[in-house]
Amino acid sequence: MIKRLACVSLVALVAACGSAPVGPGFYRVERGDTLSKIARSHRQSVQSIARWNNLTNPDSIEVGQVLRVQPPNGAAATSGAVRTNGTGSATASAGSAAGSSAGSASSRSAAADNAPSAPASSISLVWPTSGSVIRGFDGANSKGIDIAAPAGTPVVAAAAGTVVYAGNGLRGYGNLLILKHNAEYLTAYAHNRALFVKEGETVAQGQKIAEMGDTDTNRVMLHFELRYQGRSIDPSRALPPR
């Protein structure tokens, strides 16, 4: 398995681990997808999909990320389509013309509230280890947080779940564990000195799963990631205050 995964990115691996079916009106990003390609295939505009998913950069989608591709709460897309009302007269769908309600602040707020990038507070986590946070989440260069402590410091499961990956086949992550907590959330623990659980094992929240190390990095630390529907989100939003 290690050889087979040697050239696979963590994004792709997390996507594979969290590939539960998505509901109607949503689409899971696949390798080679672009937002314009997804928009065309679902007969929507790039602007609509970006707005429904609160995407500030349309080029920032990731493999495994789940996107809303149908209007939330019955709101119409900005496609210019028309519909008939109960009397049979034609009315323009919301958002089909400039100045429509779809472009209003309230509609943008509703779209953001219904975007698949749910708040991290919807999962309850414990800190995966002790130590100091030396690097925070930025969503671009850092998909998680880095926590520094002495070698051998215990690493625990941030939430109960199942081990879906345990190994060192991904360059840049060293000895890595990925836990699946439910159909939407996964956590990843990188650079460990030793792993104490195997793939397929069920773990409890707070259970020791590894020891901190410096595998495939230049200092002792834990790189910790939280993924929601395949998309990296800031773990500090779900972790309790220290």
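Since every read-out is calculated from the coordinates, none of them should be taken as a lab result. What you see is a predicted model; the values in this text were computed from it and never measured. Note: ideal-geometry Cβ built from the backbone for every residue, glycine included; neighbour counts use all protein chains shown.
Label the range 120-237 by shape, choosing from rounded, prolate and oblate, from the square roots a ≥ b ≥ c of the eigenvalues of the Cα gyration tensor; if a/c is under 1.5 it is rounded, and otherwise prolate applies when a/b is larger than b/c, oblate when it is not. Judged from the Cα gyration tensor, the range 120-237 comes out rounded (a/c under 1.5).
For the range 120-237, a simple Cβ point-charge model (Lys and Arg +1, Asp and Glu -1, everything else neutral) yields a dipole of about 40 debye relative to the Cα centre.
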